[in-house]
Amino acid sequence: MFVIDSIGFWNTAVPLGVLALLAVLLPRLLVDRETRSHGKVIHGIALSAGFLLAIGILVSVVVTQMRGFEALGHFEIDPFGALWVHLRLSLMAGIVWLPLLGLAWFGHAQAVETRRGRDQVLEDR
């Protein structure tokens, strides 16, 4: 029997909204605002992606448990299998937060170039 109860406000919209909001806020917290290094920007964005992936796994476990499936019990029986299931679900949620993270990366990279250009102008004076 095929039951279509997988898309709803609490099990789809809210978790994706939380991940999208975190994709915008985490880079602001993890990337130094005054850096002139693209390496530091990449590091902060990669750290944000790792956190979002981990938070996505937690959200997947919570939503699965909330829907009445024994997600936590699955971790006791087959921890690697359960982790793989929730990691895949977290990666699928990346379709929402990855573009936002990409835009945050682009914004931070532009800010680095702006600061570098300002520094170069001040040096030439």
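In this structure, LEU19 qualifies as over 30 Å from GLY117 (Cβ atoms), in contact with a Phe, Trp or Tyr (Cβ under 7 Å, 6 or more places away or on another chain) and not charged (D, E, K, R). Just one of (1) within 17 Å of LEU22 (Cα to Cα); (2) over 16 Å from the mean Cα position of the chain (by Cα); (3) open to solvent by 70 Å² or more (accessible area, probe 1.4 Å) fails for MET66. It is (1). Check off (1) modelled with pLDDT under 95; (2) open to solvent by less than 60 Å² (accessible area, probe 1.4 Å); (3) over 26 Å from LEU83 (Cβ atoms) for ASN11 and give me the number that stays unchecked. With respect to (1) modelled with pLDDT under 95; (2) open to solvent by less than 60 Å² (accessible area, probe 1.4 Å); (3) over 26 Å from LEU83 (Cβ atoms), ASN11 is out only on (3). Looking at (1) without any contact (Cβ under 8 Å) to a residue 60 or more places away in the chain; (2) surrounded by fewer than 16 Cβ atoms within 10 Å (Cβ to Cβ), which one does GLY56 not meet, given that it meets all the others? Here GLY56 clears every test but (2).
Evaluated against (1) surrounded by fewer than 18 Cβ atoms within 10 Å (Cβ to Cβ); (2) more than 10 Å from the chain's Cα centre (by Cα); (3) touching a residue at least 12 places away in the same chain (Cβ under 8 Å); (4) within 24 Å of VAL14 (Cα to Cα), PHE51 falls short on exactly one condition, (2). Taking residues in segment 113-125 that are over 10 Å from ARG36 (Cα atoms) and open to solvent by 90 Å² or more (accessible area, probe 1.4 Å), and partners anywhere that are at pLDDT 95 or above and not in a loop (DSSP other than H, G, I, E, B), not one pair has Cβ atoms closer than 9 Å while being at least 6 places apart or on different chains. Of the residues contained in segment 88-107, none is found to be touching a His at 6+ places or on another chain (Cβ under 9 Å) and either over 25 Å from PRO15 (Cα atoms) or open to solvent by 30 Å² or more (accessible area, probe 1.4 Å) (or both).
The values are calculated or read from the model by the stated rules, or taken from the named source; none is laboratory data. Bear in mind that the values here come from a model prediction, so they are computed numbers and not experimental data. Note that we place each Cβ from the backbone using ideal geometry, even for glycine, and neighbour counts take in every protein chain shown. These accessible areas exclude ligands, DNA and RNA; they are computed on the full protein's heavy atoms, side chains included. Shrake-Rupley method; radii C 1.70, N 1.55, O 1.52, S 1.80 Å.
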